[in-house]
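S.K.: Please find one structure pasted underneath; my questions will follow.
The values are calculated or read from the model by the stated rules, or taken from the named source; none is laboratory data. The shown structure was predicted, so the numbers you read here are calculated from the model rather than taken from an experiment. Methodologically, a virtual Cβ is constructed for each residue, glycine included, from the backbone with ideal geometry; neighbour enumeration extends over all protein chains shown. The accessibility values were calculated without ligands, DNA or RNA, using every heavy atom of the protein model including side chains. Shrake-Rupley method; radii C 1.70, N 1.55, O 1.52, S 1.80 Å.
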Amino acid sequence: MKNFLLFIFIFVFNGLVHAEEIRVCIDPYPPFKIVNSSGEVTGGIDIELTNTLLSAMNIKASYHVYPWAR
């Protein structure tokens, strides 16, 4: 019964809870993720694919570059 109520709750309120912009953290890894010398994301296969998928869901992405080893 608890699972059923949880399912109904998620199903009913799914449209009310959504992100309009998400933060995507990446590391520079050409040709998949291309970052210029000033640290701005300029393109890449992964970036184009992510932008295409998110635009279909009406969500914007902000990309942030972080090194793999921190």
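S.K.: In segment 10-21, is there at least one residue being modelled with pLDDT of 75 or more and exposed (fewer than 11 other Cβ atoms within 10 Å of the Cβ)?
M.R.: In the first step, residues of segment 10-21 are kept if they are modelled with pLDDT of 75 or more; the result is 20-21.
After this cut, where a residue has to be exposed (fewer than 11 other Cβ atoms within 10 Å of the Cβ) as well, the list is 20-21.
Yes: one or more hits.
S.K.: Which residues, taken from segment 54-65, are open to solvent by less than 80 Å² (accessible area, probe 1.4 Å) and part of a loop (DSSP other than H, G, I, E, B)?
M.R.: Applying the first criterion (open to solvent by less than 80 Å² (accessible area, probe 1.4 Å)) to segment 54-65 yields 54-55, 59, 61-65.
If the condition is that a residue be open to solvent by less than 80 Å² (accessible area, probe 1.4 Å) and part of a loop (DSSP other than H, G, I, E, B), then ILE59 is the only one that fits.
S.K.: Under 6 Å by Cβ, and 6 or more places apart or on different chains, what pairs join a residue from segment 52-70 that is closer than 13 Å to VAL24 by Cα and aliphatic (A, V, I, L, M) with one that is in a helix (DSSP H, G or I) and at pLDDT 85 or above?
M.R.: From residues that are closer than 13 Å to VAL24 by Cα and aliphatic (A, V, I, L, M), the pairs are ALA61/LEU54.
S.K.: Mind counting the residues in segment 29-53 that are modelled with pLDDT under 90 and surrounded by 12 or more Cβ atoms within 10 Å (Cβ to Cβ)?
M.R.: Adding up the residues that qualify gives 1.
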